Amino acid sequence: MRMQKISVLTLVAVAAGLSLTACDNGSDSSSAPASSSAAGSDSQGQAGSDQAGSAGSAKTDSTSANGAGTRISNNSGTAANSGSRAGSGHASGSACRTANLGFTTSGAMAEGELIINLKNNGAGTCTLHGFPGVDLKGRDGTVSATRNKVAAPDVSVAPGDETRFTLHYPPNNSGGSGVTFTTLVVTPPNETHSHTIAQNINIPATQSGPAISVDPVGSGK
């Protein structure tokens, strides 16, 4: 009986030890996955944070790049506008305007020629280049002068100075009354405004000679 009791006690002790060992093993097994899970969460959280930070940085860089592009565009526009303002001033050397010119006529050396003088009454130097428009008007109608085949020079006229051009027409040597014009309508080169000059010009009624023509401003000066 005593040996049986000892055996029973021994078995109970062994069983208890095995139970404790099983509990310990279960505890370790459950704690390991928990630790791994926590580590995975930390790793994923850190990776997500890094990715978010990278995305934020990329967005910030992109915004900065766009902002820089806008600034460059604005600077370019400012420079262009500044250049435009600098080039838009009507300083010395701008085109002569009809309103700033004085118109007079004088006889030429040859018959059938009339000199038309253009005086700069403006405050600054102005320029002329090309042919003027000249219309001869009278009670019998209007005739427009044609352009001669003469090269047009660049003409610069200081305040108070003059330049000129020559009108050519066939003089009336026929002995008849011919056709008389009493008005010249002169339009300077590159202008749309005209000036009217009272001037008598008589040409043959039947124009068989040279046509009425005009030289460019400044030619022969």
Notebook entry, point to check: Hey, Ala151 hits all of (1) farther than 27 Å from Thr182 by Cα; (2) of a type in the set (A, V, I, L, M, F, W, C); (3) under 30 Å from the mean Cα position of the chain (by Cα) but one; which does it fall short on?
Noted result: (3)
Next item on the list: Could you pull out the residue among Ala123, Ala108 that is small (Gly, Ala, Ser) and either touching a residue at least 60 places away in the same chain (Cβ under 8 Å) or loosely packed, with under 12 Cβ neighbours inside 10 Å (or both)?
Entry: Ala123
Next item on the list: Taking Phe165 as the residue in question, decide whether it is of a type outside the set (Gly, Ala, Ser), free of Cβ contacts under 8 Å to residues at least 60 places away in the same chain and buried (at least 19 other Cβ atoms within 10 Å of the Cβ).
Entry: yes
Notebook entry, point to check: So which residues in segment 188-221 are touching a residue at least 24 places away in the same chain (Cβ under 8 Å), open to solvent by 30 Å² or more (accessible area, probe 1.4 Å), touching a helix residue (DSSP H, G or I) at 6+ places or on another chain (Cβ under 9 Å) and not acidic (Asp, Glu), if there are any at all?
Noted result: His193, Ser194, His195
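So which of Thr70, Thr104 ends up being modelled with pLDDT of 50 or more and either of a type in the set (Ser, Thr, Tyr) or assigned to a helix (DSSP H, G or I) (or both)? Don't jump to the end; show me each part of the working.
Numbers: Thr70 fails: modelled with pLDDT of 50 or more.
None of the others qualify; the one that does is Thr104.
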Next item on the list: Among the numbered conditions (1) farther than 16 Å from Phe181 by Cα; (2) out of contact with any Gly (no Cβ under 6 Å at 6 or more places or on another chain), tell me where Lys119 comes up short.
Entry: (2)
Notebook entry, point to check: If Phe131 passes every condition in (1) open to solvent by less than 40 Å² (accessible area, probe 1.4 Å); (2) in a loop (DSSP other than H, G, I, E, B); (3) free of Cβ contacts under 8 Å to residues at least 60 places away in the same chain but one, which one does it miss?
Noted result: (3)
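The values are calculated or read from the model by the stated rules, or taken from the named source; none is laboratory data. Not measured: the values here are computed from a predicted model. Backbone-built Cβ (ideal geometry, glycine too); neighbour counts: all protein chains shown. Surface accessibility is based on the protein's heavy atoms, side chains included, excluding ligands, DNA and RNA. Shrake-Rupley method; radii C 1.70, N 1.55, O 1.52, S 1.80 Å.
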